[in-house]
Each structure stands twice: as C-alpha cells, then as structure tokens.
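Single-structure report; data block below.
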Amino acid sequence: MSTVSTPALSVVIPVYNEQEGLSVLFARLYPALDALGQSYEIIFVNDGSKDRSAALLARQQKARPDVTRVILFNGNYGQHMAILAGFEHTRGEIVVTLDADLQNPPEEIGNLVAKMREGYDYVGTIRRQRQDSWFRRHASRMMNGLRERITHVRMTDQGCMLRAYGREVVNTINRCNEVNTFVPALAYTFSLHPTEIEVGHEERAAGESKYSLFKLIRLNFDLVTGFSLMPLQFMSFLGIALALASGGLFVLLMIERLLFGSQVQGVFTLFAITFCLLGVLLFSMGLLGEYIGRIYEQVRGRPRYVVQAVLDDTLR
C-alpha cells in the first residue's frame, strides 16, 4: 500500500440534486485550487441525490483521482450530516466547506486560506451583495439577530457555508455525536481565534435552492434549541409573569364585582385570558417536546448517516 501524503487543504462539498451545475463547478473549482500552489484534496458528499449527481461525481473522481474523493450516502440525511461525513474523511490542516450551487465562488477559497495563515483557527464569511430575494435577505438578518441573542454564537451571516476550519477544530467536531447540529455554530464554540471576512455572492449556476421556508425555520429552531436552554428559561419566566398578572386581574375583577355588581365585560375578559394562557401552555408543551425529542433521538443511538460507498483511489 502506498503512503498517503497529508494535503495542506481539504475542501468538503455536499451535493444534493445538482446535476445541472456540477460541470460548471468542476470547471471553476479545480483551476481555482490549482492556482493556490499547494497540495489539496476535494471530498464530494452525495446526500442521496435522486438525479444523475452521483454518476457525474463518480466520473469526475475517475478524471482526477489524485485529488478527488466521493462519499455516497444511501439516503438524504441533510447538508450538515454530509459536511460531518466529509470532515471525518479529511486529512488537510485547513478544511474549507463549499456549497455545490456556486453561489459562493470557489475563487474565494484562496482568501479564506490566506486568512487562516494569519493564525486564526476558524474563518467565517459574510456574503457581499447577496443575490437573494428581498424577503430572504431581511428574514435572514432578523433570524440572525434573534439567534445571536439566544445562543451567544456570533455569526454575522449564518447562511453562508463557505467557511474555513483549522485541523484542531475539525478533530473536536469529529468527536461529537450529536444527531441534530449546525456545523458553523458548533465550530464557533470550539474555536479559540475565530474571525470573519467578506466574500462574493452569485446567483445559482442552475436549479433552485433546496431550503424551503419551512426548512429554514426548522434549521433556525434546531440551532436555537441545540445551543441554548434560554427558550425553556424564557417560558418559565413568562409563566411566572402570567400567573402573577392573572392573580392580579382576578383580585381586580372581584373588587369591581363587590363595588359595582356583576358585569358581562368581566366574563369576556376571563375568556380572553383563558385562551391566552392556553396558547402559552400549548406553545410551552411544544417547546418542551422539542427538547425531549432531541434527547429521544440521541439516546436511540442510531447512525447519523449511512455511507453506501467511498470512491477513493489514493489508498490503492
């Protein structure tokens, strides 16, 4: 068996139904990395694509077997599980994650590597002149602010997956076994010297975003509940406040009844308060169920993902 050299740079790219844009990605990615003048490896993780993405990745691996490896999942496990699988197969001292849709230019990888060479162990990115809809940009900004207040994980642009990680940060992430996680936030918690830089942002090379509005909300909910207990604490304080307010209102209504007699308006007020309390109660149960559900998924101990095959000629 030949000795496997350690590359200076590893690039992890999750792929899900990207057959229309993969050829453009290949045409831009490899020249951009060759221009860096350092050894590298590219790890594509096919996340259960239903189109021809797996076949195109296998063909590319045969075309550039010296620097290309492909991990094939047996189903769709999500972008972050694909990144975690890629992390486990990386060998480089610097690991960069990149989306396959080319919204983040591969040519920006050199800027991240240069920043890492300055002594940082985690380089986040901020998309410059985002090519998304007005609603998506502003909704993302609002959710970023709310998420930062709750989790204290400071990421200006959480939706940009073009990021660089040091070897120690990646090794620490590889020791985690969380079923639901958000890789950039997880890396931030382990990083000693994080920083951020601005990067370009382009329109998708082909196809549509795989993140619907529901998936984006789900992702942010996972991020909040996965990195903070503040939602539970907030509901506890809210319950105390509502209990005190309800007690005060009850006393006030009793005084009015003694002074002015029975009033119909008081009945409707009690109905409104009851419905409000029921809404808060149901929301609290749902929030508590979310945390319990995460515990349930974790204690089952099922594999986070299943690798069908790994296409790798470097070990031969």
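The values are calculated or read from the model by the stated rules, or taken from the named source; none is laboratory data. What you see is a predicted model; the values in this text were computed from it and never measured. Note that each Cβ is placed from the backbone with ideal geometry, even for glycine, and that neighbours are counted across all protein chains shown.
A few remarks follow.
- Among residues of the stretch 42-55 that are free of Cβ contacts under 8 Å to residues at least 60 places away in the same chain and in a loop (DSSP other than H, G, I, E, B), none has a Cβ under 9 angstrom from a residue that is surrounded by fewer than 24 Cβ atoms within 10 Å (Cβ to Cβ) and of a type in the set (Val, Ile, Thr) at a sequence gap of 6+ or on a separate chain.
- Taking residues in the stretch 292-309 that are touching a residue at least 60 places away in the same chain (Cβ under 8 Å), and partners anywhere that are surrounded by 12 or more Cβ atoms within 10 Å (Cβ to Cβ) and of a type in the set (Gly, Ala, Ser), the pairs with Cβ atoms closer than 7 Å and at least 6 places apart or on different chains are Tyr305/Ala85; Val307/Ala85.
- The lone exception for Val113 - which of (1) modelled with pLDDT under 95; (2) part of a helix (DSSP H, G or I) it fails: (1)
- Residue, nearest to the chain's Cα centre (by Cα), within the stretch 1-17, restricted to residues that are within 22 Å of Met81 (Cα to Cα) and assigned to a loop (DSSP other than H, G, I, E, B): Tyr16
- Taking the conditions (1) basic (Lys, Arg); (2) farther than 25 Å from Val15 by Cα; (3) at pLDDT below 95 in turn, Arg127 satisfies each one other than (2).
- Reported count of residues in the stretch 18-40, each being at negative phi, over 23 Å from the mean Cα position of the chain (by Cα) and not aromatic (Phe, Trp, Tyr), is 13.
- Test: residue in the stretch 73-93 that is in contact with a helix residue (DSSP H, G or I) (Cβ under 8 Å, 6 or more places away or on another chain), at pLDDT 95 or above and under 21 Å from Ser23 (Cβ atoms): no
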